[in-house]
Structure formats: C-alpha cells, structure tokens
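To start, the structure itself, in structure tokens.
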2 protein chains.
Amino acid sequence: MELPSKEPEIGDAFGQILAQCWAAGAAPWSAVEIIERDDGRIDAHDASTYFSEPERWAVLERWAWERAGGRILDVGCGGGRHTVPWAARGLDVMGLDASPGAVNVVRGRGVECVVGSVPDLLPGLGKFDTVTLFGNNIGLLGGPQTAHQVLDALATVTRPGGRPIGTGTDPGGDDSIHAAYHAWNVERGRSRGQARIRVRAAGIATTWFDYWFPTSEEITEVVAESACWALEELQRSPDGPGYAVILLRR
Amino acid sequence: MELPSKEPEIGDAFGQILAQCWAAGAAPWSAVEIIERDDGRIDAHDASTYFSEPERWAVLERWAWERAGGRILDVGCGGGRHTVPWAARGLDVMGLDASPGAVNVVRGRGVECVVGSVPDLLPGLGKFDTVTLFGNNIGLLGGPQTAHQVLDALATVTRPGGRPIGTGTDPGGDDSIHAAYHAWNVERGRSRGQARIRVRAAGIATTWFDYWFPTSEEITEVVAESACWALEELQRSPDGPGYAVILLRR
C-alpha cells in the first residue's frame, strides 16, 4: 500500500544533538549527528567530536588554532571545541553559531556566544583581531556565488590588521566516493565541491543549506577576487586533503 | 535557491551496515544503522548490537533464546546474534533474512542461512521445531492486516508440535514519545503501533516496509483469530515494555 510520507519538521536539530551529547558528558557516540545530502546520501557522525580536546585534534587543526590571537570571533563554533580552550588560555573569545542550542551549550561552558550566521551578521558584534572558520567552516562560504558576501561580512567584523583563519577540505578527484555527486553539481551549474545538506535529529531537521568544499585553488581564486582580502598563507595538512588559510585585509 | 533533491537509491542498506560492522570486528559504533520513519523521524543505532553476545542480552531475550530446541529457523536473523550461539551449542539452525548482505555475514560466521522473508517464504525450506522472530521481529507481522498471512506462512514451515517464539515491544501509551505517530496511524486507518520504516546507509535505502509493535493484547487477539495457532505463553519483560510469546499449533 502506498502511503504518503511526511517531511521532518524544521528545527534546531544540530543544537539538539549537541545538547544531548554535552548532557552525556560528551561521551563518544552519546549523540549521533545525521547529515543528509540532497542526492539522498546520509551519514552518521559521533557528535562528541564537537567537544574533542586539543590533544586529540589533527595537526593542521592545532596549527590553525595556535595562530589565533587578540579578540577572537569563532564563526560556527558548534559545541565550543575551539572557543573553550582559547578562553582557558585567557584569550578574549566570542562564539557565533546559527544554532540556538549550540549557543546555549557554549554559554553553559562559560564562553560568550551569540546566535548568528554569515553573511547576515548581526550589527553590534564589534571588531575582532581573529575571525575563525574552523572545523571545515570554510564551507560556510557556501559556494562561489555566496563566498564574496561572506568575505565582505567578515570584513565588517575584522579590525585593521586582523585576520580570518579558516580550515577546509579539498573535495578530491574522480576517485572520490563523492565523484558522482560532484558531477551532478557541475551538471546543474554548481561548483563541484558544494554540498546541499541538512542535519536531522529524531523528528526535526534543519533547513537545507549549502556547505562548500572548495579546492585550495578555488579558495585562492575567490580570495583573489575579493576586494577586502589577500591570502597570507595556505597550509596543507601533512596527512590528508585538509588545508588552512589565513587571510589579510588588502 | 530551490533545488530538487533526490531520493536514495534502493539497495541492501541493512546488509551493507552489517557487513561494515562485522568487518570491523563488530566494534561498538563501527557502523550505524539509520532508520527513517514515514513521519520524517530518523534514528541512529549502534549496529554492533546485531552481534552482541548472550551474556549482554536482556533477561527476556535470553529467556526466549533458551526456549528454542530441535531444528530452528530464525526469521530476520540479522548478523546471527542468535543463530551463531545456537550453532555453537550444537543446535541445528538455519537463518533467514531479507537482506543478502546479512545472509552473507551469517554464512561467513559458519551458519546455514538463506535470503527470504515472510509471508512469501521460499518453498523447500523444510520443517522446523522452532521458528523464531527475535529482536522485536514480531514486528515482521507487519500489522493486523498482514499478520494472518505471516502466521499462515510460519505454519507451513513448522512441524506438528513445533513452536514459533517471538519477541515484541508494547508501543506505549499517550506518554510515549511516539504518541503523535500513533495518533497519525489511527487517523489513517492503521494500527497504533505500526511503523512504516526504511533503513538507510550512505547513498542507499531499503524500500519502505511495515514493522509492527502490537500491544500484548493485540498480539493475543491476532493469534486467537488465527486458524493455525494458539498462544501457549506470554512472558513480559521484568524491566521494560518488551514481551515474548510462544505459539502452539492448534
């Protein structure tokens, strides 16, 4: 018998997952982040990685984290993996996340945090010396079309001489398990490494959003076209497709 | 920008999950079983539970498992959680699962196993002394409409004097987190405890199928209406909504 099925309700699925995980002491697999992609792919991740300690990070993540200084804005801060240890080091840090649940968790961990997202940053955040897009959050550039708006928005919250630092992952070539998705992206006029995804948890899901895995060449090109930013440094992961970029105001 | 999204491809998602988990030594969370329900709910489970050892089972599961004897057919045998230890005890057991991947795993563990499902059992399986529907597989009755066909099919493979043994879970009342789903079921003419679900793994999904969580009263009624079976015993879990039933040919 054919029965029509329902779509999940729109809600703060990411925040619900983080809250559940944090309430369980961030124990491994105490909460599962389910990410659905618009080609029907689904993946499950251990949400406790959003709380992992610096000694468990990849070399590149640690390298990028050490580069931050002064007043820091962490864009897409998740559970506070980066902000909490910065604060513990005495740095002045503010988290920003689109998920109210994530913001609650980070505040509960004692770090200033506000609800918000790029490119539509709320006014009044002030200026920062370092603006971070960690944990692959170069993805928040969304794609080549929206990247400029995001970069412009970051410029409004960066002090002269300040730096955005981001980490990303090269989408890989034709041998990638995502090659068919990349081809579908190109076919419909999108950038190969874009991913339209949503987070699902129990009965709710976030809205679909674009997350971008640009090649290091693509991110270099987007920055070069930007009126505000120059690429100061591009650092590749010693052991994978990840990279970090440090931008400098032109 | 609105973009049409795709449905996952139909495939043996359950088998893929079990194979991945077994290849990883059935380590906890080495594979995640993602179950989607037709109201948009999604849940993630540790697939290693499909391989858990008898000493880790719930009291009721162990009780039901001890009741099996003679030649055993395990319907919906999954990764062989029940069949492998029966075989280790020297019992004559055959597994049956709709998932070719699950069947491969069980065969790899040294137990006879065939692809198949209820009610459409392949001919030639022979007759069994015990037919088990374990791990909540009373759910495979599907619902009150299909339960009779399934019970009739089980009769064709059960020897005179033989017994089907099944375990199920009471769906719970209005305080259940599934109460809204139960109400939706009633609204569309289904039994409260029916669940239309599919298993998803990466880019593939099983077809949607009905799994039934009848109350113990409902299962008692369905069996009473059956021409083939009488309810010999109904055993409730000492610590939860689970129950086991043992049937006897009328």
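The values are calculated or read from the model by the stated rules, or taken from the named source; none is laboratory data. Since the model is a prediction, treat every value here as computed from it, not as a measurement. Every residue, glycine as well, gets a Cβ built from its backbone with ideal geometry; the counts of neighbours run over all protein chains shown. Accessible surface is based on the protein model in full, side chains and every heavy atom, while ligands, DNA and RNA are left aside. Shrake-Rupley method; radii C 1.70, N 1.55, O 1.52, S 1.80 Å.
General remarks:
- Entirely in region B:12-129, the helices (runs of 4 or more DSSP H) that have 3 or more residues that are of a type in the set (Gly, Ala, Ser) and out of contact with any Pro (no Cβ under 7 Å at 6 or more places or on another chain): B:13-23, B:100-108
- Boolean, residue B:31 is under 28 Å from residue A:13 (Cβ atoms), at pLDDT 95 or above and either touching a His at 6+ places or on another chain (Cβ under 7 Å) or of a type in the set (Gly, Ala, Ser) (or both): yes
- Residue match in region B:214-230 (condition: within 26 Å of residue B:14 (Cα to Cα) and in contact with a strand residue (DSSP E or B) (Cβ under 8 Å, 6 or more places away or on another chain)): yes
- Residue, nearest to the other protein chains (Cβ to nearest Cβ), within region B:199-219, restricted to residues that are out of contact with any Gly (no Cβ under 6 Å at 6 or more places or on another chain) and under 12 Å from residue B:147 (Cβ atoms): B:218
- Residue match in region A:180-197 (condition: modelled with pLDDT of 95 or more, farther than 23 Å from residue A:232 by Cβ, among the charged types (D, E, K, R) and touching a helix residue (DSSP H, G or I) at 6+ places or on another chain (Cβ under 8 Å)): yes
- In region B:42-57, the qualifying residues are those that are closer than 21 Å to residue A:16 by Cα and open to solvent by less than 40 Å² (accessible area, probe 1.4 Å), and the one that is farthest from the other protein chains (Cβ to nearest Cβ) is B:46.
- Matching entry among B:142, B:166, B:126 (being touching a helix residue (DSSP H, G or I) at 6+ places or on another chain (Cβ under 7 Å), at pLDDT 95 or above and on the phi > 0 side of the Ramachandran plot): B:142
- Of all residues in region A:197-211, those satisfying the criterion of being of a type outside the set (Val, Ile, Thr) and surrounded by 21 or more Cβ atoms within 10 Å (Cβ to Cβ) are A:200, A:201, A:203, A:205.
- Taken over region A:164-198, residues that are part of a strand (DSSP E or B) and more than 13 Å from chain B (Cβ to nearest Cβ) amount to 6.
- Scanning region A:22-74 for residues that are more than 30 Å from residue A:127 (Cα to Cα) and basic (Lys, Arg) yields A:37, A:41, A:56.
- The single condition among (1) assigned to a loop (DSSP other than H, G, I, E, B); (2) more than 30 Å from residue A:181 (Cβ to Cβ); (3) modelled with pLDDT of 95 or more; (4) not aromatic (Phe, Trp, Tyr) that residue B:240 does not satisfy is (3).
- Considering only residues in region B:212-230 that are of a type outside the set (S, T, N, Q), in a helix (DSSP H, G or I) and open to solvent by less than 60 Å² (accessible area, probe 1.4 Å), the one that is farthest from residue B:176 (Cα to Cα) turns out to be B:223.
- Region B:1-14, residues that are touching a residue at least 60 places away in the same chain (Cβ under 8 Å), at the interface with another protein chain (Cβ under 10 Å from one of its Cβ atoms) and of a type in the set (D, E, K, R): B:7, B:9
- Residue list for region B:111-139, filter: in contact with a Gly (Cβ under 8 Å, 6 or more places away or on another chain) and over 18 Å from residue B:168 (Cα atoms): B:111, B:112, B:113, B:114, B:122, B:125, B:127, B:128, B:129
- Check on residue A:64, over 24 Å from residue A:200 (Cβ atoms) and surrounded by 22 or more Cβ atoms within 10 Å (Cβ to Cβ): yes
- Every test in (1) open to solvent by less than 50 Å² (accessible area, probe 1.4 Å); (2) assigned to a loop (DSSP other than H, G, I, E, B) is passed by residue A:7 save one, and that test is (1).
So that you can scan it fast, the table gives a plain yes or no per residue for (1) closer than 30 Å to residue B:92 by Cβ; (2) among the hydrophobic types (A, V, I, L, M, F, W, C); (3) open to solvent by 10 Å² or more (accessible area, probe 1.4 Å):
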position	(1), (2), (3)
B:135	yes, no, yes
B:146	yes, no, yes
B:150	yes, yes, no
B:158	yes, no, no
B:178	no, no, yes
B:192	no, no, yes
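- Test: residue in region A:106-128 that is in contact (Cβ under 8 Å) with a residue 24 or more places away in the chain, open to solvent by less than 10 Å² (accessible area, probe 1.4 Å) and either charged (D, E, K, R) or under 15 Å from residue A:213 (Cβ atoms) (or both): no
- Close pairs (8 angstrom Cβ cut-off, 6 or more residues apart or separate chains): within 12 Å of chain B (Cβ to nearest Cβ) in region A:15-40, open to solvent by less than 40 Å² (accessible area, probe 1.4 Å) and modelled with pLDDT under 95 anywhere: A:38/B:3
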